[in-house]
């Protein structure tokens with residue numbers, strides 16, 4: 001059913017069913033305890049206490065009112081011709097030719113249609129869960145849709161123009177979702193900004209995407225925008241949803257006020273805007289982390305979003321709610337494609353229940369939320385899984401002798417079985433006993449008792465971490481993709497898994513490896529409906545990324561095994577070419593050092609155009625829970641390492657400042673062992689240094705998704721690096 005027609009059915013009922021104009025409990029559009037819908041007859045429906053019958057009534061009315069489709073109109077569904085369009089564009093209002101594949105011929109459709117079809121199946125079930133005053137509240141899919149429309153009309157009233165952006169600068173919340181979906185409904189482009197962004201970074205993105213509206217969650221984020229507003233000619237209003245704005249601040253609104261303003265916009269006006277939308281138009285801008293320069297605005301089409309939400313998630317074995325409703329905890333930045341696709345768009349596609357973590361999730365409260373929600377599916381970047389691992393190790397180290405031995409025994413039994421027979425459902429008695437007595441209790445304590453799928457992506461995962469979680473009977477499933485591929489282009493799942501690989505190609509997508517070496521390793525190139533439209537306002541960068549046939553050149557290098565599983569081996573731009581002409585992939589060597597030396601947190605290989613390889617090292621230390629900055633105190637595991645090699649150090653400064661002989665000797669021996677396994681002498685690490693502070697986002701060495709910013713590190717520690725090679729010359 002084309003959007004131009006099906007939206008009318010929602011439109012007529014929305015003219016008689018509307019959300020109460022003022023929601024109690026503060027500036028947030030949800031209120032504190034009693035978000036309500038109000039019929040024109042005056043019947044009030046409380047979200048939390050509404051009966052299933054009442055909620056079903058809303059869904060049926062939303063879908064059954066309005067004109068029905070004729071046979072000829074149905075025949076035209078999905079038959080739009082995109083062949084005249086170019087493969088890419090750098091204009092926010094541009095259109096592109098879609099990369100259709102007969103293997104997966106789903107007709108292109110818009111975000112609004114995806115949501116409307118979800119209403120038919122999931123309208124009466126819970127869509128969003130959020131906490132207010134330590135109590136969980138819920139919003140159904142019907143209410144979610146109505147709130148998104150209400151937000152869309154409010155944005156239109158504030159002056160949102162077609163193909164201009166609504167930028168969102170805030171932690172994950174229902175308001176983030178309403179703003180994102182409402183933006184797309186209103187013909188705008190949703191653009192996330194990392195909450196850790198500086199005012200200057202906010203200015204760059206907001207100016208580049210021509211933001212008409214910026215949505216923020218707190219006064220702290222609002223202050224960033226107020227500092228740069230004069231440099232943003234397209235900005236008309238700021239909306240704040242978690243805290244009240246300062247008094248008498250011009251053009252700053254609460255989300256509640258925005259929804260009130262939306263009542264002045266006719267439903268027919270919004271319907272017409274939705275009707276004019278096409279699947280090959282941009283609806284989402286996701287900015288790269290800027291590890292090699294200014295962030296690039298990755299333009300994603302409506303089709304890229306809806307297609308990936310369906311087929312990328314199917315490849316990961318995500319279930320539709322009519323089979324089993326997936327429960328997901330939303331905590332990773334929605335300004336990153338992985339979280340946005342996994343939490344927001346896939347949630348709508350399959351009717352998942354998305355529960356929002358507290359803003360301090362990564363400071364320690366995440367596990368509490370996981371225990372309360374008990375997700376069925378969970379995703380984390382490698383650093384999140386590493387932090388969970390380190391916390392378990394710290395607790396185990398402080399436990400009694402018997403408990404610690406029981407855990408180690410159970411994990412060793414499970415790991416051995418999972419490495420030997422990773423796909424076997426028939427577990428030996430000892431393995432089942434270990435799981436029943438110990439491991440199941442650990443998973444329950446972590447909130448993973450019901451979790452059937454645990455994913456990771458965005459960066460490489462160490463063998464140590466993969467093995468640790470296998471020892472808990474928690475296999476971690478990898479996905480591979482880029483922001484430029486709308487997230488997953490390869491996926492792993494319980495039925496599609498191979499340790500150390502990034503999974504298999506999502507059906508309907510294509511891959512090729514170019515410039516392969518003798519071992520079959522080459523640059524990974526991607527093609528399919530996932531591929532982005534182009535970089536906003538960056539024609540040169542777009543031409544570098546997309547070739548004449550529409551293939552996306554990722555810059556990553558890898559190989560495919562005989563069964564089609566992908567293994568990433570490095571990045572072209574990170575490839576080190578020594579002065580002797582040797583090509584060295586840094587990641588395998590860096591991971592080998594971290595595996596050999598459990599005290600090492602980060603290792604960065606150096607040697608481009610140099611006579612030999614050197615390395616910068618940082619030590620594992622605790623994080624300040626308030627600032628998330630690295631402290632001087634070593635982690636429990638790092639202290640254990642020191643004790644094992646004969647050192648009494650418990651801080652980084654003790655080791656580096658006093659050049660602790662025992663630790664330095666142990667690290668030197670560990671690097672010698674890594675060198676001994678190298679293919680040839682040019683791959684040996686000859687010089688190294690321990691830095692006084694671990695890499696961090698605040699320090700500038702890591703991006704928002706914990707990716708290493710190599711160019712920043714090279715510049716920041718230039719003197720130390722130069723000293724390696726100056727000494728060599730003497």
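Values in this text are rule-based calculations from the coordinates and carry no lab data. Please read all numbers here as calculations on a predicted model, not as lab measurements. A quick note on method: Cβ atoms are made from the backbone with ideal geometry, for glycine too, and the neighbour counts reach across all protein chains shown.
Annotations
- Gyration tensor (alpha-carbon) shape descriptor, the range 466-594, a/c threshold 1.5: oblate
- Relative to the longest principal axis of the Cα atoms of the chain, the long axis of helix 174-185 lies at roughly 60 degrees.
- This ranking places 667, 577 by how few other beta-carbon atoms lie within 10 Å of each, fewest first, which gives 577, 667.
- Stokes-Einstein D (µm²/s) once Rh is taken as the Kirkwood radius of the range 576-729 over alpha-carbon pairs, at 25 °C in 0.890 mPa s: 153 µm²/s
- Principal axis analysis of the Cα atoms in the range 521-638 yields extents of 52, 42, 35 Å, listed in decreasing size.
- Relative to one another, the C-alpha centroids of the range 611-626 and the range 503-518 are positioned 34 Å apart.
- Angle of helix 141-158 to the longest C-alpha principal axis of the chain, folded into 0 to 90 degrees and rounded to 10: 80°.
- Gain on full stretching of the segment that runs from residue 640 to residue 459 - 0.36 nm per residue minus C-alpha separation: 62.5 nm
- Kirkwood hydrodynamic radius computed over the range 521-563 comes to 11.5 Å, based on all pairs of distinct alpha carbons.
- Taking a ≥ b ≥ c as the square roots of the eigenvalues of the alpha-carbon gyration tensor, the range 407-483 is classed prolate because a/c is 1.5 or more and a/b outweighs b/c.
- Cα-only Debye scattering, the range 222-321: base-10 log of I(q)/I(0) at q = 0.13, 0.14, 0.20 Å⁻¹: -0.86, -0.97, -1.17
- Neighbour-count order for 723, 424, fewest beta carbons within 10 angstrom listed first: 424, 723
- Descending Cα extents along the principal axes, the range 361-571, whole Å: 63, 37, 26
- Of interest is the spacing of the C-alpha centroids, which for the range 195-244 and the range 106-158 amounts to 25 Å.
- On the beta carbon distance between residue 622 and residue 200, with R0 = 30 Å, the FRET formula returns roughly 0.50.
- The range 472-524: C-alpha gyration tensor shape, a/c 1.5 cut-off, then a/b vs b/c: oblate
- Gyration tensor (Cα) of the chain, equivalent ellipsoid semi-axes in angstrom: 44, 29, 26
- Helix 111-122 axis, angle to the chain major axis (alpha carbon atoms, nearest 10°): 80 degrees
- If R0 equals 51 Å, the separation of the Cβ atoms of residue 678 and residue 266 corresponds to a calculated FRET efficiency of about 0.15.
- Taking 0.36 nm per residue of sequence separation and removing the Cα-Cα distance, the residue 363/residue 512 pair yields an extension gain of 49.6 nm.
- Extension reserve of the residue 720-residue 251 stretch, reckoned as 0.36 nm per residue once the Cα distance is removed: 163.9 nm
- Going by neighbour counts of Cβ atoms within 10 Å, the residues 307, 527, 385, 229 line up, fewest first, as 229, 527, 385, 307.
- Between residue 549 and residue 408, the distance separating the two model label sites (each 7 Å from Cα on the Cα→Cβ line) works out to 5.5 nm.
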